[in-house]
Amino acid sequence: MNACVLLAPGPVESSPLRMVELPKPAPTGRQVLVRVRACGVCRTDLHVVEGELPPRKSPVVPGHQVVGTVEACGPEASRFRPGARVGIPWLHQTCGLCEYCRSGRENLCEKAIFTGWMADGGYAEYAVAPEDFVYALPVGFGDLHVAPLLCAGIIGFRTLRLSGIQPGGKLGMYGFGAAAHVAIQVARHWKIEVYAFTRDERHRQLALDLGAVWAGDSQESPPALLDAVLVFAPAGELVVAALRTLKRGATVALGGIHMSRIPPLDYDLLYHERALRSVANNTRRDGEDFLRIAAEIPIQTEVREFGLGKANEALNALKNDAIRGAAVLRV
Ligand SMILES: [Zn+2]
Ligand SMILES: [Zn+2]
């Protein structure tokens with residue numbers, strides 16, 4: 001099969017991903033073999049490719065928003081029939097035994113395996129994954145348009161939930177890429193007012209097009225204090241900016257897996273029961289809840305298509321804020 005692999009991390013400008021021929025994987029145990037049709041490009045892929053997330057498997061096929069059809073099932077797999085359309089997400093597998101897994105917090109499992117980092121992902125014609133961690137995808141979405149729901153969508157949804165925002169509330173979003181462009185649609189559906197903060201004029205326009213009541217630069221003050229803020233951009237200084245916009249008792253939820261250093265904080269910014277929390281991965285329950293809501297709304301994703309051989313180019317565009325919505329590889 002054709003696959004786009006990372007041999008060694010490096011700046012994306014040096015094109016660290018290479019197209020190679022790899023043996024088609026064979027499903028074992030309860031795995032399914034998926035013929036990949038599309039794979040979303042996530043900022044986490046950029047962190048893997050550039051080495052901010054240290055290599056855990058090398059070489060590795062990145063990509064964890066994998067859309068395709070089941071082609072074959074392992075000898076113990078019984079959940080899907082060949083031909084079923086499925087999505088392989090970031091959470092590839094958990095141990096099922098630890099205190100986190102047993103208490104509904106499998107997103108925190110210390111033995112979790114993540115797709116496209118610790119197991120090969122979807123920048124390839126085929127991928128395997130355990131059937132229990134694969135999603136059945138709602139009909140009504142094309143392959144390219146459903147791909148960004150699998151991480152940007154699900155993580156954005158968990159971040160939204162953990163921010164504690166309530167219907168009618170005022171919500172800030174820092175960084176207006178793939179995750180925010182989906183999360184705003186859920187927020188609007190819940191009658192929440194959205195304030196978008198981003199340095200990029202095109203992203204401010206996208207936020208306004210999607211119903212934000214206000215859009216400004218990340219260092220601007222919004223016209224009202226906010227009930228919660230979601231930070232999707234990986235820049236630590238935004239944490240300080242976000243805390244300044246909060247009402248008393250409100251939360252800043254950080255949706256990324258990697259962030260540059262957070263500058264020192266004056267305690268006054270946090271006092272009055274303001275809270276700062278990170279969001280790590282997601283549970284399968286988050287994914288199922290989100291995909292159901294995404295189909296109900298229905299969420300419209302804006303995607304820019306790249307060929308599998310153009311993965312370096314797609315990541316470069318993502319790094320330079322040049323993607324309106326989400327980048328997706330057509331495989
Ligand atoms: Zn576990
Ligand atoms: Zn992701």
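The values are calculated or read from the model by the stated rules, or taken from the named source; none is laboratory data. If you're wondering where the values come from, they're calculated on a predicted model, not measured in any experiment. FYI the Cβ positions are ideal-geometry reconstructions off the backbone, even for glycines, and counts take in every protein chain you see. All accessible areas refer to the heavy atoms of the entire protein, side chains included, with ligands and DNA or RNA removed. Shrake-Rupley method; radii C 1.70, N 1.55, O 1.52, S 1.80 Å.
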Item checked: Where labels lie 7 Å past Cα in the beta-carbon direction, separation of T28 and R102 in nm -> 2.7 nm
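Go ahead and estimate [θ] at 222 nm for the chain from helices alone: -39,500 (n - 2.57) per DSSP H run with n ≥ 4, summed, over the residue count, rounded to 500.
-6500 deg cm²/dmol
Defining a contact as two alpha carbons under 8 Å apart and six or more residues distant in sequence, what relative contact order in percent does the range 57-208 show?
Values: 240 pairs, mean separation 33.1, N = 152.
Relative contact order here is 22 percent.
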Notebook entry, point to check: Taking the Cα atoms of the range 33-121 alone, what are Rg (to one decimal) and Dmax (as a whole number) in Å?
Noted result: 14.2, 38
Next item on the list: Towards the positive end of the charge dipole of the chain, with charges on Cβ (+1 Lys, Arg; -1 Asp, Glu), say which of I297, P23, V331 has the farthest Cα.
Entry: I297
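Let's see if you can work this out: charge +1 on each Lys and Arg Cβ, -1 on each Asp and Glu Cβ, no other charges. What is the dipole magnitude of the chain about its Cα centre, in debye to the nearest 20?
It comes to approximately 460 debye.
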Next item on the list: Could you go through the range 200-209 in sequence order and give the Karplus-derived ³J(HN,Hα) for each residue, using 6.51 cos²θ - 1.76 cosθ + 1.60 with θ = phi - 60°, rounded to whole Hz, and x for Gly and Pro?
Entry: 9, 4, 5, 6, 5, 5, 4, 4, 5, 4
Next item on the list: DSSP loop (so not H, G, I, E, B), at most 16 other Cβ within 10 Å: list which chymotrypsin sites (Phe, Trp or Tyr not before Pro) in the range 156-222 pass both filters.
Entry: W190
Notebook entry, point to check: Residues of the range 1-67: accessible area per residue at 1.4 Å, in Å²?
Noted result: 41 Å²
Next item on the list: Just name one of G168, V60, Y100: the one whose Cα is farthest towards the positive end of the charge dipole of the chain (beta-carbon charges, Lys/Arg +1, Asp/Glu -1).
Entry: Y100
Check: Lys/Arg Cβ at +1, Asp/Glu Cβ at -1, dipole of the chain taken about the Cα centre: which of N312, P11, L206 is farthest positive-ward?
Finding: L206
Checklist line | Protection proxy ranking, peptides 267-278, 23-34, 84-95, average beta carbon neighbours within 10 Å, highest first | finding: 84-95, 23-34, 267-278
Notebook entry, point to check: Of all DSSP beta bridges in the chain, what percent run antiparallel (nearest 5)?
Noted result: 55 percent
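Could you look at the chain and say what percent of its accessible area is carbon and sulfur, using a 1.4 Å probe and all protein chains? It would help to have the intermediate numbers written out before the result.
Working: 6890 of 14100 Å².
Exposed carbon and sulfur together represent 49 percent of the surface.
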Note to self: Going by Cα centres, the range 1-37 and the range 291-321 are how many Å apart?
What the structure shows: 19 Å
Next item on the list: May I ask you to give the average projected area over all directions of the convex hull of the Cα atoms of the chain, in nm² rounded to one decimal?
Entry: 15.9 nm²
Checklist line | Contact order normalised by residue count of the chain, Cα under 8 Å, 6+ apart, percent | finding: 19 percent
